Amino acid sequence: MSTTITGSYFPHYDCGTIILNVSAATFTKAQKRWRVAYVAICSFRVLLSLSKQNVMRQKATGTALPHSHLTVDIQPPTSYHHDDQSDIVPNPDLPDLVPKPHSPDLVSNHALPDINTKLTEMVKEKDLIALRGFGGVEGVAATLLIDPQHGILGNEDDVHRRRDKFGSNTYYKPPPKGLFYFVVDAFKDTTILILLVCAALSLGFGIKEHGPQEGWYEGGSIFVAVFLVISVAALSNFRQERQFDKLSKISNNIKIDVARDGRRQEISIFDIVVGDVVFLNIGDQIPADGLFLEGHSMEVDESSMTGESDHVEVDRERNPFLFSGSKVADGYARMLVTSVGMNTAWGEMMSSISRDTNERTPLQARLDKLTSSIGKVGLAVAFLVLVVLLIRYFTGHTKDENGQREYNGSDKDINDVLNSVVNIVAAAVTIIVVAIPEGLPLAVTLTLAYSMKRMMADHAMVRKLSACETMGSATIICTDKTGTLTMNQMKVTKFWLGQEEMGEIPSNAITPCILELFRQGVGLNTTGSVYRPASGAVFEFSGSPTEKAILSWAVQELGMDVEQLKQTYSILHVETFNSEKKRSGVSMRKNADNTIHVHWKGAAEMVLQMCSNYYETSGTIKSMDEDSRMRLEKIIQGMAASSLRCIAFAYKQISEAEIEYNDDGRAHQKLNENGLTLLGIVGLKDPCRPGVKRAVEICKSAGVEIKMITGDNVFTAKAIATECGILGFDDTEHRGAVCLKQKGEVVAVTGDGTNDAPALKEADIGLSMGIQGTEVAKESSDIVILDDNFTSVATVLRRGSPHSCSTVVGKPNYGHIGSLALATDRPTNELMQRPPVGRTEPLITNVMWRNLLAQALYQIAVLLTLQFKGESIFNVDEKVNDTLIFNTFVLCQVFNEFNARKLEKQNVFKGIHKNKLFLGIVGFTIVLQVVMVEFLKKFADTVNLNGLQWAICIAIAAVSWPIGWIVKFIPVSDKPFLSHLKWAGQAFGGFYTYHISLSPVLEGAV
């Protein structure tokens, strides 16, 4: 039936065969009546649909169509193919609705139909009836003005029109938390609230007692201290939030293979538009809602959407619907995108989910517990001090500045009493503030956030914050071979036909029948593709590195023409490659003579077991006896020993009656796996990455054992492991990483495939590959290695070393700014000379205790001496002595900050010139201290110091350097210090803190 409507375009509907079949002799009269009724109903629906489309176009253009008419032609066509595009025959007088890759002007001349809602609902509801109403998948493709084989035109105008019409493949996300949110959150701290109340009362009473010019100093200083604490905490959390948001955007930017203008290309998931034809393979995340175009053995995991763990089979007839966010569990396919972004169920769900950035690492959790314990002790001491001071005040045991009793009963002014009580409460709160080392968790957070940023620069994207510190505790790294230890740049270097190596023999010297079989086995049993631009002679190969290498070899050496193969043969069934089978198979029918061929390709040792015959170079098929099988096995072992990946090809010709099916009836074909004929074996060389051997040596020197996990031939594995330095020349034992966690090991696992996902989840640290890794593997991992390089794994190990994190914990806490200075020191190779830290190692190590005690004892001795003898020693008054104490204390922390850079090395200045941030923060601290002493005298309650007094303070503080140098000669045992008094140790470590932001309050307390 052809339709012609003036001023518009409609497809050519071919109903000739249907009408012709009504009169077929095989039907009874009743069946014929039902057929005629069915055709009449269908014809009526077509006419009604055409009239509706006509009206819509008339409304859209605003013009009336003069004397529209339909012409129905029921002439039977010469040929009819139900599943082919030939059932949509173009009207010779009108342009074709289905755009061809060579007619870019066609799409621009047609308006995309307004069917966004219909397509969205059809896929969400899995509405097969609605799909049939469109005319099946081809009808949807025609409606979207695309060619299912070539995809959209892909030019800028076409992409923009589709994005404007159907939306972009992005979804609305709740905006990230702003700085104000974290400021408000910081005010929720109980200690901060108490300080603010005390500051307000102190400010009010101070102004009332001393006037506004001088009365605001004490209350104002508390306000400034609180402001500094809140500012640093809020800025730190805000920065971490932005870092997570940035990493989330990078993590979500998945690369997808699509067909545009007949060319397979890789684009961002965010650039996908409705009408795109997407290539899907095992482990891929489905990027949008769409329809199954073609493929084989397709199964998807929809658990992220439905919660059901069972895999869903997807095919063309029964279930062609694909949902965004699902994962490809098996098979491969091409899909037609029908809905993107917020029009998908996944987009709606993800728009309501915000990333939780409140993740706490194990070290942070331990520090939180430590802080809580210390806080309880500080609270008890503060309460005791409060009670004692109040009793002393109200019993008349305290005196004012004039030596008079502060409280003398009812004669005392109520305002003075309240002011004194506020000062007492402020002193108690100061004890709590000084005691609680809230800077420790923040210091570790800053360290981890800075480490994440550095790791990104080192090609490692951290998905879980805890991995930053856990990675450094790894005792075993189970690494994948291909692409991690090797460059993943495959090339066929050897080719054996039967028992003869072909070497440089040209393809025309190979028997034509063998050559044709090889072309079948390579060109049709693959998930890769070959594209040759019309303007150039250079082929473009896509797919996995193995597929690309074999396709390149077959095209360039064997003269394979993939397009010709697809026209000559029809694929019947495909069994895709997976790590368990280590092979893939395909059955195909030759269109010319209907002969059926089964081809297998995979690991040579596996395919060889399936063969009972082999081809000789002459084209003769010989039976494979034990002797010939052993010779072929030796050939495989020889190539494997040369670090080659061995891939074998085998085939078998079968009849229709020999087709096997699975146990679930005749719905699923099963490929023959026995009695095959071996075609040949190819060896692919994948060279080791530069620097891998050195990286392995560094890991071993740190006490980290490297285990290579691979599905390759054991001889290939040994050769690569030896080449990379994992195995010595005399160490040929092939160990498996089984139950390592149960044995107490801290295990890091690298992986790139869907089958690696369980291991990545179960490992302490899962590291997926960013280039070759599937989306399933990436989502199961903690860290994504962006360059797939083992050297980056070693860098992550060094940067995540617990010695690096614990160094910040062991360093005296100089406030948030000082913590950041210490956190920015780059990790050195010296860290890799120490063994990994176990799961149960104490938070404060013996080395830390040694350094802490030495500096603490020195500073306590100096400060107590100055407190009780300073006035007589230096012949100064009380105000100057208090300023000397305050200045000496701060400078001691500054000098000791250099000591804390290296916990065990005597030379603490090595590499200091490389850390400009450290030097800048130390300089800022010194300048701030000078300003507080010399210029903020009333605010900080200090007095000016002369040059000699400054020199004395500096000299006393500088003694920290020789003490730190000498104490590092003292050996320490491996047994945890004070292991029987863990709580006491934690409490002492926590009390050894100093908050530079609260120095005015501290000075008052001293």
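For the reader, a short list of remarks on this structure follows.
- For THR190, the conditions (1) within 33 Å of the chain's Cα centre (by Cα); (2) open to solvent by 30 Å² or more (accessible area, probe 1.4 Å); (3) of a type in the set (Val, Ile, Thr) all hold with the exception of (1).
- Only strands (runs of 3 or more DSSP E) whose full extent lies in region 599-654 are considered here, and none of them has at least 3 residues that are not assigned by the TED database to the domain that holds LEU515 and not hydrophobic (A, V, I, L, M, F, W, C).
- Subset of region 761-775 (residues that are surrounded by fewer than 24 Cβ atoms within 10 Å (Cβ to Cβ) and among the aliphatic types (A, V, I, L, M)): ILE771
- Test result for GLU563, at negative phi and either in contact with a Leu (Cβ under 9 Å, 6 or more places away or on another chain) or open to solvent by 50 Å² or more (accessible area, probe 1.4 Å) (or both): yes
- Put simply, of GLY990, GLY964 the only residue that is part of a helix (DSSP H, G or I), among the small types (Gly, Ala, Ser) and modelled with pLDDT under 90 is GLY990.
- Condition broken by HIS573, with the remaining ones in (1) surrounded by 20 or more Cβ atoms within 10 Å (Cβ to Cβ); (2) under 24 Å from ASN755 (Cβ atoms) satisfied: (1)
To keep it simple, each residue is scored yes or no on (1) outside the structural domain of SER579 (by the TED database); (2) within 23 Å of PHE166 (Cβ to Cβ); (3) among the hydrophobic types (A, V, I, L, M, F, W, C); (4) surrounded by fewer than 17 Cβ atoms within 10 Å (Cβ to Cβ).
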residue: LYS249; (1), (2), (3), (4): yes, yes, no, yes
residue: ARG260; (1), (2), (3), (4): yes, yes, no, no
residue: PRO287; (1), (2), (3), (4): yes, yes, no, no
residue: LEU293; (1), (2), (3), (4): yes, yes, yes, no
residue: THR306; (1), (2), (3), (4): yes, no, no, yes
residue: GLU313; (1), (2), (3), (4): yes, no, no, yes
residue: ARG318; (1), (2), (3), (4): yes, no, no, yes
residue: SER326; (1), (2), (3), (4): yes, yes, no, no
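- Within region 240-267, being of a type in the set (A, V, I, L, M) and assigned to a strand (DSSP E or B) holds for ILE256, VAL258, ALA259, ILE267.
- Failed condition for ARG694, given (1) loosely packed, with under 14 Cβ neighbours inside 10 Å; (2) over 36 Å from the mean Cα position of the chain (by Cα): (2)
- Qualifying residue in region 168-181 (condition: assigned to a helix (DSSP H, G or I) and surrounded by 16 or more Cβ atoms within 10 Å (Cβ to Cβ)): no
- Scan of region 291-314 for residues that are in contact with a Lys or Arg (Cβ under 8 Å, 6 or more places away or on another chain) and in a strand (DSSP E or B), ordered by number: PHE292, LEU293, GLU294, GLY295, VAL300, ASP301
- Candidates ASN896, ASN944 - the one that is modelled with pLDDT under 95, of a type outside the set (Phe, Trp, Tyr) and surrounded by 15 or more Cβ atoms within 10 Å (Cβ to Cβ): ASN896
- Residue tally, condition touching a strand residue (DSSP E or B) at 6+ places or on another chain (Cβ under 6 Å) and acidic (Asp, Glu), over region 507-555: 1
- Residue within region 268-277 that is in a helix (DSSP H, G or I), more than 16 Å from the chain's Cα centre (by Cα) and either at pLDDT 85 or above or surrounded by fewer than 21 Cβ atoms within 10 Å (Cβ to Cβ) (or both) present: yes
- Test: residue in region 235-243 that is under 30 Å from ASP941 (Cα atoms) and open to solvent by less than 40 Å² (accessible area, probe 1.4 Å): yes
- SER544 open to solvent by less than 60 Å² (accessible area, probe 1.4 Å), over 30 Å from MET624 (Cα atoms) and not aliphatic (A, V, I, L, M): yes
The values are calculated or read from the model by the stated rules, or taken from the named source; none is laboratory data. Predicted model only: the values in this text are computed from it and were never measured. All Cβ positions, even for glycine, are placed from backbone atoms using ideal geometry, and neighbour counts span all protein chains on display. Please note that ligands, DNA and RNA were not included when accessible areas were found on the heavy atoms of the full protein model with its side chains. Shrake-Rupley method; radii C 1.70, N 1.55, O 1.52, S 1.80 Å.
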